[in-house]
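Written below as structure tokens is the structure these notes are about.
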Amino acid sequence: MIENYLKILEESLQKKLTVLDEIIAYNKEQEKLLKKEDVSLDELDANMSLKDGLIQKLLKLDEGFEMLYERIREQLLGNKDAYKSQIQSLQQLISQVTEKSVSIQAQEARNKKLVEYYFAREKEQLKQGRQASKAAYDYYKSMSNTGMVPPQIMDQKK
């Protein structure tokens with residue numbers, strides 16, 4: 001019975017590794033999108049939505065793993081020698097999951113800086129656009145106020 005639970009835990013960790021690999025791929029794609037000169041917000045939004053779905057899937061896998069582990073935890077701790085090879089296998093998988101999680105956190109930090117740079121650049125462009133628009137409006141306004149200046153010297157004879 002406990003062997004079946006251990007297999008389920010191992011399968012859960014394998015699925016987590018697969019999901020983490022997919023998240024890493026989406027992070028790399030997101031980085032490429034953000035490094036482009038003309039960022040497509042639709043592509044970026046689609047990327048983030050897909051990544052969010054993977055994160056939700058990862059959270060469900062974590063939750064299921066924790067529940068199952070709590071169910072068999074005491075039996076495992078009491079019989080460490082009997083399940084030594086399976087425990088070592090689980091520990092290796094957990095180590096891989098942790099390593100990939102750290103890698104994802106580093107990618108996320110880099111992508112966050114790229115997003116901040118993108119928004120700062122866009123904000124500056126908007127500011128310059130507003131300034132140019134204001135200058136054009138002020139010029140138009142000052143030119144329309146001048147109107148036609150009538151001649152100062154007029155011939156009064158008819």
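What net charge is computed for the residues neighbouring LEU76, neighbours being all others with C-beta under 12 Å from the C-beta of LEU76, Lys and Arg scored +1, Asp and Glu -1? Intermediate values should be presented prior to the final figure.
Details: positive: ARG71, ARG73, LYS80, LYS84; negative: GLU3, GLU70, GLU74, ASP81.
Neighbour charge sum, excluding LEU76 itself: 0.
What does the charge count around LYS100 come to, taking other residues whose C-beta lies under 11 Å from its C-beta (Lys +1, Arg +1, Asp -1, Glu -1)? Can you show the working numbers first?
On the way: positive: LYS16; negative: ASP21, GLU22, GLU99.
Spelling it out: positives minus negatives among the neighbours equals -2.
Add -39500 (n - 2.57) for each DSSP H run of 4 or more in the chain, then divide by its residues: what number comes out at 222 nm, to the nearest 500 deg cm²/dmol?
One gets -32000 deg cm²/dmol as the mean residue ellipticity at 222 nm.
To the nearest 20 debye, what is the magnitude of the charge dipole of the chain about its Cα centre, counting +1 on the Cβ of each Lys and Arg and -1 on the Cβ of each Asp and Glu? Numbers along the way, then the final one.
Details: 26 positive and 26 negative charges, 189 e Å.
That gives the chain a dipole magnitude of about 920 debye.
Just grab the label-to-label distance for ARG110 and ALA82, each label 7 Å out from Cα along the Cβ direction, in nm (one decimal).
4.7 nm
So what is the relative contact order of region 2-108, in percent, for Cα pairs below 8 Å that sit 6 or more residues apart?
Values: 57 pairs, mean separation 55.0, N = 107.
Answer for region 2-108 is 51 percent.
For the charge dipole of region 2-108, defined by +1 on Lys and Arg C-beta atoms and -1 on Asp and Glu C-beta atoms about the Cα centroid, which residue among GLY78, MET48, GLN96 has the Cα displaced farthest towards the positive pole?
Positive-end residue among those listed: GLY78.
With everything on Cα atoms, drop me the angle between helix 41-78 and the longest principal axis of the chain, reported from 0 to 90° to the nearest 10.
20 degrees
In whole Å and largest first, what semi-axes does the C-alpha gyration tensor of region 29-77 yield when each eigenvalue is scaled by 5 and square-rooted?
The answer is 39, 10, 4 Å, longest axis first.
Could you tell me how far the Cα centroid of region 4-47 sits from the Cα centroid of region 102-135, in Å?
23 Å
With a ≥ b ≥ c the root eigenvalues of the C-alpha gyration tensor of the chain, is it rounded (a/c under 1.5), prolate (a/b larger than b/c) or oblate? Please report the intermediate quantities before stating the final value.
Values: a/c = 6.44, a/b = 5.48, b/c = 1.17.
Since a/c reaches 1.5 and a/b is larger than b/c, the shape of the chain is classed as prolate.
Readers should treat all values here as calculations from the given coordinates under stated rules, not as data from a laboratory. Given the structure is predicted, the values throughout are model-derived calculations rather than measurements. Every residue, glycine among them, receives a Cβ derived from its backbone with ideal geometry; neighbour counts consider all protein chains shown.
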